[in-house]
Amino acid sequence: KILILDFGSQYTQLIARRIREIGVYSEIFSCECSADEIKQFAPNGIILSGGPETVTSGDTPRAPQYVFEAGVPVLGICYGLQTMTEQLGGTVESSSHREFGYAQIRARGHSKLLLDIEDHVSPEGYGLLDVWMSHGDRVTQLPEGFKLIASSDGAPIAGIANEDKDFYGLQFHPEVTHTKQGGRILARFVLEICGCEALWTADNIIEDSIESVRAKVGRDQVILGLSGGVDSSVVAALLHKAIGDQLTCVFVDTGLLRLNEGDQVMAMFAEHMGIKVIRVDAEPRYMAALAGVTDPEQKRKIIGNLFVEIFDEEAAKLTDALWLAQGTIYPDVIESAGAKSGKAHLIKSHHNVGGLPENMKLKLVEPLRELFKDEVRKLGLELGLPADMIHRHPFPGPGLGVRILGEVKKDYADLLRQADAIFIEELYRHDLYSKVSQAFAVFLPVKSVGVMGDGRRYDYVVALRAVETIDFMTARWAHLPYDFLDLVSRRIINEVSGISRVTYDISGKPPATIEWE
Ligand code: XMP
């Protein structure tokens, strides 16, 4: 397994994912971690991530010195290379020549890390690599025992190696896809140089999780809040496989779900998979609690708290249950660590359905805690969940509650559900669903005039929203074909009585958010 020491690069998670795609387990540790924590993890190799700081200032982060004494291979990337250089006695200088974006590097000398990995060959016979660079500082003097293995125009020292110790440093980013041979370089490091075996596969993960869940909960009963989202669905399938009837799921139908979603969840989990699912029809309670409330954050709180209340009531009925299962995934764990250190900013409070009821006296079981989303999806497919469900767009915890602007009413939710279903159905039919990251309809509680046949209509408005994004932090509005939008608009206005106008949202994030509230 590989330890990744995080110096705050936006790419740190990507390094971990790439290593895992190669089939090797990797975990991210803070650059402030102790030698003992590293010893305890017992990695076969260590990767030092990039970071926003400069090592030319004395008060910026350094790797624990133990990293270089642990007797395992080390790969420094960007800031990681620079701090390694500085800590081992070389020199790093700030340069006015910033390099950002594509660069070509020349592989020099023979190095275990880059040997025979190239995109082109120069007339002189050097291997050339197209790579992604993003740096201001650069290494100007190698530490003792190191040799130069790569250079570019902007960074004469773009790669270094001490092959006796298996220490390597790269100024470019092998983890981003723009570096075409990046995957091979990382695979070379973890498989050949660190000697890891590629055992981190969906099959093995499932087997391991099943074993550890069984060992943990024994014969006890477990409850799980099932939302129909990817994470809780995969937990349900996994736990069912591990402990069968010891699992009971609670599915709260808030009345803020998409069209027929409640029935679909029951059909899939209860009928098809034979999992015990308690369905709570909580629509009336939600509508009553939300009556008269217009503030988005307050709506979120009410929806979140009511979920906890209802889940608590159901859990109290299951007197045998000692464990609460949750679909926490690795980015949540990293994010909450970041939140604790004050690095995360709150834009909207994201109450996830399935959030931990406070003061509940249950022990936690979180089988996805170490997994990235793409790994969770692979597991889900392997466990037999339908591909449609696994690749469904994200749906916010408060559901339609934040897609009905202002006060939430059942009538509004019913109209919105129909419009949304038409939009999504057409996206699938036109093979556009998987080309956008998230798509939905938003209900605007304003009336607009229209004519239909000979009659005048005075009905509500919906907005369609579709975005393309990698990380949901920034997004661009999807440039869906006009003909497609035209068709969706016609269908909604013709088929949903109560809606007489359809608009398309052409705002990017930032400054607009993806949801309207
Ligand atoms: P925004 O609107 O902040 O959305 O650009 C980014 C992503 O987060 C989802 N989202 C939420 N998810 N609870 C959730 O579980 C929430 O309160 C919430 N608000 C937004 C949104 O759907 C998008 O995928």
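Values quoted throughout were computed directly from the atomic coordinates according to the rules given, and no laboratory measurement underlies them. Computed from a prediction, not measured in an experiment: that's the story for all the values here. Virtual Cβ from ideal backbone geometry, glycine too; neighbours counted across all protein chains shown.
Using Cα-Cα distances under 8 Å and only pairs 6 or more residues apart, what relative contact order does the chain have, in percent?
10 percent
Could you give the dipole magnitude of the chain about its Cα centre, charging the beta-carbon of Lys and Arg +1 and that of Asp and Glu -1, in debye to the nearest 20?
Result for the chain is approximately 800 debye, rounded to the nearest 20.
Can you list, bin by bin at 5 Å, the percent of alpha carbon pairs in the stretch 2-193, starting at 0?
Each 5 Å bin holds this share of Cα pairs: 1, 8, 19, 23, 23, 16, 7, 2, 0, 0.
Add -39500 (n - 2.57) for each DSSP H run of 4 or more in the chain, then divide by its residues: what number comes out at 222 nm, to the nearest 500 deg cm²/dmol?
-9000 deg cm²/dmol
Over the alpha-carbon set of the chain, work out the extent along each principal axis and list the three values in angstrom, largest first.
Extents along the principal axes, in whole Å: 82, 59, 39.
Going highest first, how would you order 236-248, 301-313 by mean Cβ packing within 10 Å?
In decreasing order of mean packing, 236-248, 301-313 become 236-248, 301-313.
If you count, for each residue, the other Cβ atoms within 10 Å and average over each peptide, how do 207-218, 499-510 line up from highest to lowest?
Final packing ranking: 499-510, 207-218.
Which value, in debye to the nearest 20, describes the size of the charge dipole of the stretch 418-517 about its Cα centre when Lys and Arg Cβ atoms bear +1, Asp and Glu Cβ atoms bear -1, and nothing else is charged?
Approximately 260 debye in magnitude.
Sorted by average packing, counted as other Cβ atoms within 10 angstrom per residue and highest first, what order do 388-399, 83-94, 28-39 take?
83-94, 388-399, 28-39
Specify which residue in the list Met287, Thr91, Leu238 is farthest towards the positive end of the charge dipole of the chain, using unit charges on the beta carbon of Lys, Arg (+1) and Asp, Glu (-1), about the Cα centre.
Met287
What relative contact order, as a whole-number percentage, does the stretch 143-266 give when Cα pairs under 8 Å and 6 or more residues apart are counted?
Answer for the stretch 143-266 is 13 percent.
If N is the number of residues in the stretch 202-390, what value comes out of its Cα radius of gyration divided by 2.2 N^0.38 Å?
Rounded to two decimals, the normalised Rg is 1.03.
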